[in-house]
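First up is the structure itself, then whatever we jot down about it.
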Amino acid sequence: MDKELMAKIKPGASVRVWERIKDGEKERVSKFQGIVIATKHGKEIGSTFTVRSIISEIGVEKVYPFNTPLISKVEVLTAPKKVRRAKLYFVRSLSKKKTREKIGIAA
């Protein structure tokens with residue numbers, strides 16, 4: 001992943017992650033769309049970002065390493081106006097509407 005894209009992936013950003021999944025001998029690409037709630041370890045080799053989405057009324061979080069060959073691409077859909085926290089763990093207890101209001105992103 002290039003440095004320019006890594007700088008755009010920050011807490012509060014809405015992203016779509018395309019990941020390669022191996023099913024036996026077959027390989028397919030799956031997408032996961034959600035809000036970045038945390039990034040950890042800065043620009044180190046083991047740095048990660050956590051994406052949260054609500055699927056069938058259940059909160060799902062996935063942690064992706066920045067430096068992995070399993071991610072084919074990452075699209076940054078929207079960026080927040082201003083986020084006052086480095087980690088947005090408080091959105092776990094909020095509804096989708098309240099989260100959008102609190103962070104200030106468009107649906």
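The values are calculated or read from the model by the stated rules, or taken from the named source; none is laboratory data. Keep in mind it's a predicted model, so treat the numbers as computed, not measured. Positions of Cβ are generated from backbone atoms using ideal geometry, with glycine treated the same way; all protein chains shown enter the neighbour counts.
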Original post:
Scanning for something in contact with a Leu (Cβ under 8 Å, 6 or more places away or on another chain) and not acidic (Asp, Glu), does the stretch 37-45 turn up at least one residue?
Top reply: yes
Original post:
If you check Lys87 against the conditions, is it surrounded by 11 or more Cβ atoms within 10 Å (Cβ to Cβ) and over 12 Å from Val17 (Cβ atoms)?
Top reply: yes
**OP:** Could you tell me whether Gly12 is outside any strand (DSSP E or B), at pLDDT below 95, over 17 Å from Tyr89 (Cα atoms) and not basic (Lys, Arg)?
**Re:** no
Original post:
So which residues in the stretch 24-44 are over 12 Å from Tyr64 (Cβ atoms), basic (Lys, Arg) and either in contact with a strand residue (DSSP E or B) (Cβ under 9 Å, 6 or more places away or on another chain) or surrounded by 15 or more Cβ atoms within 10 Å (Cβ to Cβ) (or both)?
Top reply: Arg28, Lys31
Subject >> The lone exception for Thr39 - which of (1) out of contact with any helix residue (DSSP H, G or I) (no Cβ under 7 Å at 6 or more places or on another chain); (2) of a type in the set (S, T, N, Q); (3) in a helix (DSSP H, G or I) it fails >> reply: (3)
Original post:
Does Lys87 satisfy being touching a Leu at 6+ places or on another chain (Cβ under 8 Å) and either part of a strand (DSSP E or B) or farther than 20 Å from Leu5 by Cβ (or both)?
Top reply: no
Subject >> Ser47, sole failed condition from (1) surrounded by fewer than 11 Cβ atoms within 10 Å (Cβ to Cβ); (2) more than 9 Å from the chain's Cα centre (by Cα); (3) more than 17 Å from Ser93 (Cα to Cα) >> reply: (1)
Subject >> Failed item in (1) more than 23 Å from Lys3 (Cβ to Cβ); (2) surrounded by 15 or more Cβ atoms within 10 Å (Cβ to Cβ), with Ala13 passing the rest >> reply: (1)
Subject >> Enumeration of residues in the stretch 1-35 that are in contact (Cβ under 8 Å) with a residue 24 or more places away in the chain and of a type in the set (Asp, Glu) >> reply: Glu19
Subject >> Conditions (1) of a type in the set (Gly, Ala, Ser); (2) in contact with a helix residue (DSSP H, G or I) (Cβ under 9 Å, 6 or more places away or on another chain); (3) modelled with pLDDT of 90 or more: number failed by Gly46 >> reply: (2)
Original post:
Would it be correct to say that Arg100 is surrounded by 15 or more Cβ atoms within 10 Å (Cβ to Cβ), more than 16 Å from Glu4 (Cα to Cα), of a type outside the set (Ser, Thr, Tyr) and at pLDDT 90 or above?
Top reply: no
